[in-house]
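One structure is given below, encoded as structure tokens.
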Amino acid sequence: MTDGACSSRDLTQGYLDRIASLDDAGPTLNAVIEVNPRALEDAAALDRERAAGHVRGPLHGIPVLLKDNIDAVGLVNSAGSFALADHLPATDAFLVARLRDAGAVILGKTNLSEWANFRSTRSTSGWSSRGGQTKNPYALERSPCGSSAGTAAAIAASLATVGVGTETDGSIICPASMNGLVGLKPTVGLVSRTGIIPISISQDTAGPMGRTVTDVAIMLNVMAAADPADPAGGASKDRRPIDYTASLRATALAGKRFGVLRQAMGYHPGVDDLMTQAIDAMRAQGAEVIDIQVPTYNAWNDHEMTVLLYEFKDGLNRYLQRAGARVASLEALIAWNREHADEVMPHFGQELLELAQSTGPLTDAAYFQARDEAKRLAGQDGLLAALETNRLDAVIAPSTSPAWKTDPILGDHFVGAGYAMAAVAGTPSVTVPMGDVSGLPVGLTWMARAYTEADLIGFAYAFEQATAKRRAPRYLAP
């Protein structure tokens, strides 16, 4: 664009054409649930700004896709549910306003696991009643993981330059890993949650997803900002560097010390082999790598679920009421789903919605106890204790397994993952491709202390540059 060889309008049109040929036709990825009817108009306006000498920054004129649980004016925000298929937000989410101000072209919305995978105990990742089943572009019969399935599949297939996902526990890291991407889950509160359909005020965050660490760092520069309306936003004020791209150093691993979470391994020999190769690559770059044990590993699971059930009910009721949605409460949503069961529940039910509805208010002692225990077991006595006791810069683990076959009858087939500890602790994590098993991508996750995104970006970049493990998808048929 700077050289005049390409315009934002040309680039936007190219992505729209690619969406038509790969997402709507061809392999029919079903990754993009809606395109922005103003995208070309917005791109042309940004071209005129550039021609006049006004460039807002690196994102000026760059097409971005948003997960369909993020408010954006002119586009439906539905969480993949037919119950909200006509819900047009009146204002942009805080992070969307920042992206627009930075010159990004909002290209459209991406499919997701309905209600961000918080509807059923046997849900299918990447499926929503509004958007259908998103496919993994590496192998079309395989899961894209969730809940940010559409964002991951779309960016892997180059349907936009970069995308935005959201995570409560694994919903950025898992789909990024299974779709050969870099995905960053920020410290809770570093990126605003205002205008995002919620699950958990304790764990929710949005984060950037891209094909390179550099793209993710550029996105985080814009997305990270203290939002006074976000309960966790105040703590993030002045906790971010001026420029995350300053961390993009090929020598960032030298002299650093990392702990391998072996408790998150052992479920697939191919994944373990990739971890061995990744460790060797880090050591070759001057890093020290040791094995560690976390005594509280996974002991937080039951407490976390209690927290999510309580917070989902409270947060969703608040969002629906403020938005003036057709269904104004969780209770009304459950009833609507029952009335439209053939349409919205052909494969699995809504057990988690019903469990959430049965909880009490956030003043319940059971809620406070579960919240404090989950944070202690995953954070203070888990990740943070491991970092301090072993004098580590980060904990590393395989992000997740290779993609399983999509199975609408039995649901997802998770066999192992390494990201949960940081999700429950509310601290940052990043995944970067470390290779593949039978052509299916697998990522390496780095987890560290709160507000150390700059360090994690440096580690991921140095590893990416040293190994260059990402391969473009081949859209393999079953």
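The values are calculated or read from the model by the stated rules, or taken from the named source; none is laboratory data. Predicted, not measured: the structure shown is a model, and the values here were computed from it. Here Cβ is always computed from backbone atoms with ideal geometry, including for glycine, and neighbour counts include all displayed protein chains.
If you go through the stretch 250-273 and keep only what is in contact with a Leu (Cβ under 8 Å, 6 or more places away or on another chain) and either under 13 Å from Met421 (Cβ atoms) or part of a helix (DSSP H, G or I) (or both), you end up with just Gly259. Checked against the criteria, Glu304 does not count as in contact with a strand residue (DSSP E or B) (Cβ under 6 Å, 6 or more places away or on another chain), at pLDDT 95 or above and of a type in the set (D, E, K, R).
Applying the condition of being under 14 Å from the mean Cα position of the chain (by Cα) and farther than 20 Å from Gly435 by Cβ to the stretch 202-217 and asking which residue is surrounded by the fewest Cβ atoms within 10 Å (Cβ to Cβ) yields Gln203. In the stretch 93-116, the residues that are under 28 Å from Asn136 (Cα atoms) reach residues that are in a helix (DSSP H, G or I) and among the aromatic types (Phe, Trp, Tyr) with C-beta atoms within less than 7 angstrom, at least six apart or across chains, in these pairs: Leu107/Tyr15. Of all residues in the stretch 206-231, those satisfying the criterion of being of a type in the set (A, V, I, L, M) and either within 13 Å of Glu453 (Cα to Cα) or touching a Lys or Arg at 6+ places or on another chain (Cβ under 8 Å) (or both) are Ala206, Val213, Val216, Ala217, Ile218, Met219, Leu220, Val222, Met223, Ala224, Ala225, Ala226.
Of the residues making up the stretch 1-19, those that are closer than 16 Å to Gly57 by Cα and touching a Gly at 6+ places or on another chain (Cβ under 9 Å) number 3.
Of the residues in the stretch 289-297, at least one is acidic (Asp, Glu), outside any helix (DSSP H, G or I), touching a helix residue (DSSP H, G or I) at 6+ places or on another chain (Cβ under 6 Å) and more than 18 Å from Asp381 (Cβ to Cβ). If Val55 satisfies every condition in (1) at pLDDT 95 or above; (2) under 27 Å from Cys174 (Cα atoms) but one, which is the exception? That leaves (2) as the condition not met.
Among the numbered conditions (1) over 27 Å from Gly324 (Cα atoms); (2) without any contact (Cβ under 8 Å) to a residue 24 or more places away in the chain; (3) under 21 Å from the mean Cα position of the chain (by Cα), the only one that Leu59 does not meet is (2).
In this structure, Leu384 does not satisfy being in contact with a strand residue (DSSP E or B) (Cβ under 9 Å, 6 or more places away or on another chain) and farther than 30 Å from Phe348 by Cα.
For the stretch 447-478, filtering for residues that are β-branched (Val, Ile, Thr) and more than 30 Å from Gly234 (Cβ to Cβ) leaves 1.
With respect to the conditions (1) among the small types (Gly, Ala, Ser); (2) in contact with a His (Cβ under 8 Å, 6 or more places away or on another chain); (3) outside any loop (DSSP other than H, G, I, E, B), Gly165 lacks only one, and its number is (2). Kindly provide the set of residues from the stretch 458-467 that are more than 22 Å from the chain's Cα centre (by Cα) and either free of Cβ contacts under 8 Å to residues at least 12 places away in the same chain or crowded, with 19+ Cβ neighbours inside 10 Å (or both), ordered by number. Selection gives Thr467 alone. Answer with yes or no whether Val191 is buried (at least 24 other Cβ atoms within 10 Å of the Cβ), closer than 21 Å to Ala378 by Cβ and of a type in the set (A, V, I, L, M). So Val191 fits the description; yes. When the residues of the stretch 392-413 are filtered to those that are under 19 Å from Val260 (Cα atoms) and out of contact with any His (no Cβ under 9 Å at 6 or more places or on another chain), the one that is surrounded by the most Cβ atoms within 10 Å (Cβ to Cβ) is Ser399. Set side by side, the residues Leu112, Leu84 differ, and just one is closer than 20 Å to Arg18 by Cα and either among the polar types (S, T, N, Q) or buried (at least 24 other Cβ atoms within 10 Å of the Cβ) (or both), which is Leu112. Note on the stretch 1-118: enclosed helices (runs of 4 or more DSSP H) holding 3 or more residues that are in contact with a strand residue (DSSP E or B) (Cβ under 9 Å, 6 or more places away or on another chain) and at negative phi are 8-18, 39-51, 94-101.
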